[in-house]
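*Asks:* Sending over a structure as structure tokens; questions will come in a sec.
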Amino acid sequence: MSIIPMLLKEMEQEAQTTRKMLERVPNDKYQWQPHEKSMTIQRLANHIAELPTWVTMTFNTSELDFDKNPYVDNTINNTADLLNFFEESLESGKTSLAAANEADLEKEWTLRKGDYIISVRSKGDIIRMAYSQIVHHRAQLGVYLRLLNVPIPGSYGPSADEQGF
């Protein structure tokens, strides 16, 4: 199997788990945060939902400069809209990935803040980083949900909540 079909398969597999996690976010807890230095559940869930668009951004650009394109939080305030946003983001990422070719994955992509270079990596590496970010932030969301006594869905097998532990 070539790399792009493998990345598409992984994107869809991770989307199933991400969808299950995002659908558990309680509508009345969007401003909740476990610690003053932590993101609100709204910011975290919105970020998770937007991360598939990093695949699109990676293929359509050669860099992201935070000085020229400062990060702007989404303002989604309910779970139905959050899930719709995730599905739109996922479709965008999948469409961009399906249209790419193996040579596109080797092209350089730069993350910077003005003159400060954060990293220069291949577009394939950036896509894998985006996937890792989804998993990382999804795990954070799982902690948030656990602290709110919301049952956690399984990720790579049943969770303790699904097994009745």
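*Asks:* Within segment 14-55, how many residues are in a helix (DSSP H, G or I) and touching a residue at least 24 places away in the same chain (Cβ under 8 Å)?
*Replies:* To start, the set of residues in segment 14-55 that are in a helix (DSSP H, G or I) comprises 14-22, 27-29, 41-50, 53-55.
Then drop every residue that is not touching a residue at least 24 places away in the same chain (Cβ under 8 Å), which leaves 14-15, 17-22, 27, 29, 41-50, 53-55.
Adding up the residues that qualify gives 23.
*Asks:* With the requirement that a residue be of a type outside the set (D, E, K, R) and in contact with a Leu (Cβ under 9 Å, 6 or more places away or on another chain), what does segment 86-99 give you? Lay out the reasoning, then the answer.
*Replies:* Kept after step one, since they are of a type outside the set (D, E, K, R), are these residues of segment 86-99: 86, 89-90, 92-93, 95-99.
The answer is F86, S89, G93, L97, A98.
*Asks:* Also, quick follow-up: Test S132 against the stated conditions and say whether it is in contact with a Leu (Cβ under 6 Å, 6 or more places away or on another chain), exposed (fewer than 13 other Cβ atoms within 10 Å of the Cβ) and not aliphatic (A, V, I, L, M). Please lay out each step first, then the result.
*Replies:* Numbers: in contact with a Leu (Cβ under 6 Å, 6 or more places away or on another chain): no; exposed (fewer than 13 other Cβ atoms within 10 Å of the Cβ): yes; not aliphatic (A, V, I, L, M): yes.
When the stated conditions are applied, S132 does not pass them.
*Asks:* Against the conditions (1) crowded, with 17+ Cβ neighbours inside 10 Å; (2) in contact (Cβ under 8 Å) with a residue 40 or more places away in the chain; (3) acidic (D, E), where does E63 fall short? Just the number, please.
*Replies:* Just one mismatch for E63, condition (1).
*Asks:* Can you name every residue in segment 69-82 that is surrounded by fewer than 18 Cβ atoms within 10 Å (Cβ to Cβ) and in contact (Cβ under 8 Å) with a residue 40 or more places away in the chain? Even if it seems obvious, please write down each step before you answer.
*Replies:* Step one: of segment 69-82, the residues surrounded by fewer than 18 Cβ atoms within 10 Å (Cβ to Cβ) are 69-75, 77-81.
Answer for segment 69-82, where residues must be surrounded by fewer than 18 Cβ atoms within 10 Å (Cβ to Cβ) and in contact (Cβ under 8 Å) with a residue 40 or more places away in the chain: N77, N78, T79.
*Asks:* Then there is this: Do you know which residues across segment 9-24 are surrounded by 15 or more Cβ atoms within 10 Å (Cβ to Cβ), within 15 Å of the chain's Cα centre (by Cα) and not polar (S, T, N, Q)?
*Replies:* So in segment 9-24, the residues surrounded by 15 or more Cβ atoms within 10 Å (Cβ to Cβ) come out as 11, 14-15, 17-22, 24.
From the residues that got through so far, the ones that are within 15 Å of the chain's Cα centre (by Cα) too are 11, 14-15, 17-22.
Hits for segment 9-24 are M11, E14, A15, R19, K20, M21, L22.
*Asks:* So which residues in segment 51-81 are within 15 Å of the chain's Cα centre (by Cα) and under 17 Å from I117 (Cβ atoms), if there are any at all?
*Replies:* T58
*Asks:* What's the number of the only condition in (1) surrounded by fewer than 15 Cβ atoms within 10 Å (Cβ to Cβ); (2) within 17 Å of A139 (Cβ to Cβ) that A103 fails to meet?
*Replies:* (2)
Every number here is computed from the coordinates shown, using simple stated rules; none is lab data. Everything quoted here is computed from the prediction, not taken from an experiment. So basically every Cβ, Gly included, is an ideal-geometry build from the backbone, and we count neighbours across all protein chains shown.
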